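Visitor: Please see the structure below; I have some questions.
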Amino acid sequence: MAASNEPAIVPIRSLGPRHRERIAAHLLALDANDRYLRFGYSATDEQIRRHVDQLDFEHDDIFGIYNRKLELIAMAHLAFSRDPEASRCAEFGVSVLAKARGRGYGRRLFERAVVHARNEGVDLLFIHALSENKAMLKIAKDAGARLERFGSETEAHLRLPPATLDTRMSELVDEQLAQTDYRLKQQARSFWAFLAGLQETRQGVREGRHKSGS
């Protein structure tokens with residue numbers, strides 16, 4: 001049977017205030033260079049925690065990809081403009097742990113954010129990145145964004161078409177898939193934890209019998 005050329009489905013879940021600690025853990029796991037690329041400066045642990053504490057889940061949207069251990073391995077932040085004169089604009093930022101690179105997670109998160117932005121009425125998406133952040137700029141360029149370089153920094157502007165029935169249905173399906181995937185991973189994690197505890201108990205019983213029989 002020929003191998004399918006269809007890309008693998010990557011469940012991407014919307015994140016809320018109760019995921020704040022996992023978001024912090026994700027960002028704190030970035031090394032010095034990744035922090036520099038993500039924030040534009042070498043963010044300290046204290047600065048990252050302050051950033052996470054100030055995340056506005058009411059106004060912005062955050063998306064994440066979890067692995068089987070429920071570790072947040074990739075995350076995107078879609079920040080909507082607070083300026084009334086630019087209310088249809090938003091900015092995209094993304095981070096992926098080093099061990100999860102090369103799987104297209106950054107691009108998938110960008111595509112997910114674009115669909116959501118369109119559904120929210122955004123018609124201009126901004127990406128502000130260091131010029132050396134080739135991976136992020138390639139994602140923007142491939143999507144058709146206009147890139148303008150200003151020395152060490154580059155601005156990307158992507159015009160978005162209006163939402164359609166397809167984009168609205170696509171987001172509903174994607175979110176439902178991600179919720180189901182997360183629950184299954186939670187159940188699997190609990191099951192394996194239960195088995196591990198059971199094995200420890202059995203091992204303790206065996207050792208106790210061995211000592212009593214010696």
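Visitor: Stokes-Einstein at 25 °C, 0.890 mPa s, Kirkwood radius from Cα pairs: D for the range 137-187 in µm² s⁻¹?
Guide: 176 µm²/s
Visitor: Output needed: percent of Cα pairs per 5 Å distance bin for the range 13-76, bins running from 0 to the one holding the longest distance.
Guide: For the range 13-76, the binned pair fractions read 4, 18, 29, 25, 18, 6, 0 percent.
Visitor: Something else about it: For Lys69, give me every one of the lysines with a C-alpha distance below 26 angstrom, ignoring sequence neighbours fewer than eight places off in its own chain.
Guide: Partners found: Lys99, Lys185.
Visitor: Still on this structure: Using 0.36 nm per residue, how much length does the chain from Glu155 to Glu120 gain when fully extended, once their Cα-Cα distance is taken away?
Guide: 10.4 nm
Visitor: Where Rh denotes the Kirkwood radius from the mean inverse Cα pair distance, what is Rg over Rh for the range 32-109?
Guide: Rounded to two decimals, Rg/Rh equals 0.99.
Visitor: While we're looking at this one, here's another question. Taking only the alpha-carbon atoms of the range 47-92, what semi-axes of the equivalent ellipsoid follow from 5 times the gyration tensor eigenvalues under a square root, in whole Å, largest first?
Guide: Working through the eigenvalues yields semi-axes of 25, 13, 7 Å.
Visitor: Determine the gain in length on full extension of the stretch Glu71-Arg101; use 0.36 nm per residue of separation and subtract their C-alpha separation, reporting nm with one decimal.
Guide: Full extension of this stretch gives 9.4 nm more.
Visitor: Please give the FRET efficiency for Glu85 paired with Asp60, using the beta carbon to beta carbon distance and R0 = 22 Å, rounded to the nearest 0.05.
Guide: 0.75
Visitor: Calculate, axis by axis, the spread of Cα positions in the range 87-199 along the three principal axes, and write the results as whole Å, longest axis first.
Guide: Extents along the principal axes, in whole Å: 59, 36, 22.
Visitor: Additional query: Using the beta-carbon distance between Ala143 and Gln47 and R0 = 30 Å, what value does 1/(1 + (r/R0)^6) give for FRET efficiency, to the nearest 0.05?
Guide: 0.50
Visitor: Another one. Over the Cα atoms of the range 92-142, how large are the radius of gyration and the largest Cα-Cα distance (Dmax), in Å?
Guide: 11.5, 35
Visitor: Then there's this: What ratio of Cα Rg to 2.2 N^0.38 Å holds for the range 1-141?
Guide: Against the compact-globule rule of thumb, the ratio is 1.06.
Every read-out reported here was derived from the displayed coordinates using simple, explicitly stated rules and does not represent laboratory data. This is a predicted model, so every value here is computed, not measured. As a convention, Cβ positions derive from the backbone with ideal geometry for all residues, glycine included, and neighbour counts pool all protein chains shown.
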